[in-house]
Each structure stands twice: as C-alpha cells, then as structure tokens.
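The structure under discussion appears below in the form of structure tokens.
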Amino acid sequence: TDSGGFQVFSLAQLRKIKEEGVYFASHIDGRRIFMGPEESMQIQSNLGSTIAMAFDECIENPSPYKYVAASIERTTRWLIRCQEEMARLNSLPDTINKHQMLFGINQGSTFDDLRIKHMEDIAKLDLDGYAIGGLAVGEATEEMYRIIDVVEPYMPVHKPRYLMGVGTPSNIIEAVARGVDMFDCVMPSRNARHATVFTWSGIMHLGNKCYETDPRPVDEQCDCPTCRNFSRAYIRHLFKANEQLAGRLAVQHNLYFYNTLTEKIREAIDEDRFEQFRGKYSQLLATRI
C-alpha cells in the first residue's frame, strides 16, 4: 500500500505542508483533511498490506536545491515517526497483520549529493526495504536512469529495492540492470484503456486503421486469454464503438504481458543470461509499431 505522499504531491494546488504533516482540501468537496505519518501508518495497518510505504514528500522535478534539502530532512523525521508508529501498531492484539513491513523512500529531486545523503540517512534505520521515489514525474528517461545509478551503490544490498511509479517494459529492464527488484505503475492498465498495448514486437495502438480487418491476435507470441480468443480487428471495433469490453480485454493483455516480462527477467537472471535478454528486448519493447 502507498502512503499517500504521491497523492498529496498531485494535489499541489490544494495542500499545505507542515512539520506535523500535510493539510489538504478534498478534490471532491473541498473538505479539509489532515494526513501525517501516524495517520498514514494507521490507514495502511487497517488495510493489512504486506508492505506499507513511509509517508514522504514527493518533490517536484526540478525544485530549488534549498527547498529539496529541507524537504528530505523532514521526510527523514517523518520516516522515524512512521517506524515508531508501525512498531506500536504491530504490537497491538487486534492488528490485522502484525508482520507488516515498512519501506523507506529515497527523495532528493535530481541533486546527486542530496539523493546520496538521504539514502545514507535512511539506510541507518535498518528498514525492511528501500524505495527510490520522486522519479517518473516529468524528467527525461535518461535522467531517471542517472539518478538510479547514483543512488544504487548506497542502498543496502540485502534489502529489496523498489522503484516507485515506473514504468514501460524497457524502463523495467533497464532498472533491473541497475539493481532494482520491484516496481509499480498504472501504465499497463491506463494505456490499455486508451487502446495502447505492449507486445513482444513493440508498442501497438489498436485504434489505428491498419487493424480494421486484421484477424491476428494482439500479439502472436502471447497466450493470454485476450490473444487466445479475440482478434485485433474485433478489439479495434470495440474501441471504436466505445464498448467497455475493449478496455477490459486490452488491460487483461497488458497485465499478462507485464507478468510474463518479469517472469522472463527472473529466468534470465537465474540462468545468467540477463545481459543477452536486455540486449534483445530493451530497445525492441520501446519501439512503436
């Protein structure tokens, strides 16, 4: 479960950040809401997730150096409060998941020294895992890769590394090459609802006219239920007719594709051929058909 930090970031026009936490206005009815580290931990504890994320400030890229420096110091103080509150919650008799884990989130915008300092500070807290946050929020892809390269040497080697909000199939392959273990992203489902699907030959937009009478499956190398049962032409027709089934079939395909991609990455690592896999697929999967 996420902490709400990114959601607060996305409500930039409605929020006020203070030491105790964040005050923001509901985007639905304007009601004033407060969220701090303790509230975030309590909500995630009630949800009973395996992993809870620390409450942090997701910093906009680019941001002034002085602001970022102050922000990461506050995020570290919030992280300590998260850790203390989680320990309290996990000790209670009626807690749903008494073994809930806490991951800290590295911030620092695009400043190498601040990223490193923050990673060093939060690594001392010996958390269950560590995430790199504040990326994939508008910066160039190469800049994102550069930040991962900068931070990774300072991440504990025996703890899971999680890259938040990323990304495309190619992003995942490249981040794995840089030492990342875990990902989350809305991309496979959000893009699918707009007729964009990921295949082993590249990225396909099913709204294109060239698929109007195409009897082939979305991806001839895929055995997901969508590809086994429906043609490109039929799914394109559903999109053009604004039929909800179009999005459902495309989402099903994309989620299956991402799961298969990560299975293949794990197999390639286990068989010591990840670099060959990366060389074959990293650019190919980013190609628009």
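The values are calculated or read from the model by the stated rules, or taken from the named source; none is laboratory data. Owing to the predicted nature of the structure, the values given are computational and were not obtained by experimental measurement. So basically every Cβ, Gly included, is an ideal-geometry build from the backbone, and we count neighbours across all protein chains shown.
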Considering only segment 160-259, give the helices (runs of 4 or more DSSP H) lying wholly within it that have at least 3 residues that are out of contact with any His (no Cβ under 8 Å at 6 or more places or on another chain) and either more than 23 Å from E275 (Cβ to Cβ) or among the basic types (K, R) (or both). 187-193, 225-229, 232-240
Can M144 be described as touching a helix residue (DSSP H, G or I) at 6+ places or on another chain (Cβ under 6 Å) and either part of a helix (DSSP H, G or I) or closer than 21 Å to L261 by Cα (or both)? no
Which of the residues belonging to segment 235-246 are of a type outside the set (K, R) and surrounded by fewer than 18 Cβ atoms within 10 Å (Cβ to Cβ)? H237, A241, N242, E243, Q244, L245
State whether one or more residues within segment 68-82 are among the basic types (K, R), under 23 Å from the mean Cα position of the chain (by Cα) and surrounded by fewer than 18 Cβ atoms within 10 Å (Cβ to Cβ). yes
Subset of segment 247-265 that is surrounded by 12 or more Cβ atoms within 10 Å (Cβ to Cβ) and without any contact (Cβ under 8 Å) to a residue 12 or more places away in the chain - its residue that is farthest from R193 (Cα to Cα): N259
Could you say whether any residue in segment 47-60 is in a helix (DSSP H, G or I) and either in contact with a Leu (Cβ under 6 Å, 6 or more places away or on another chain) or over 21 Å from E152 (Cβ atoms) (or both)? yes
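Yes/no per residue for (1) at pLDDT 95 or above; (2) within 22 Å of R161 (Cβ to Cβ); (3) charged (D, E, K, R):
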| site | (1), (2), (3) |
| --- | --- |
| F6 | no, yes, no |
| I17 | no, no, no |
| G30 | no, no, no |
| S45 | yes, no, no |
Can you pull out the residues in segment 74-115 that are assigned to a helix (DSSP H, G or I), among the charged types (D, E, K, R) and farther than 22 Å from D149 by Cα? R74, R77, R81, E84, E85, R88
Does N208 satisfy the criteria of being loosely packed, with under 13 Cβ neighbours inside 10 Å and without any contact (Cβ under 8 Å) to a residue 60 or more places away in the chain? no
Taking segment 276-289 and keeping only residues that are assigned to a helix (DSSP H, G or I) and touching a residue at least 60 places away in the same chain (Cβ under 8 Å), one is left with F277, R278, Y281, L284, L285, A286
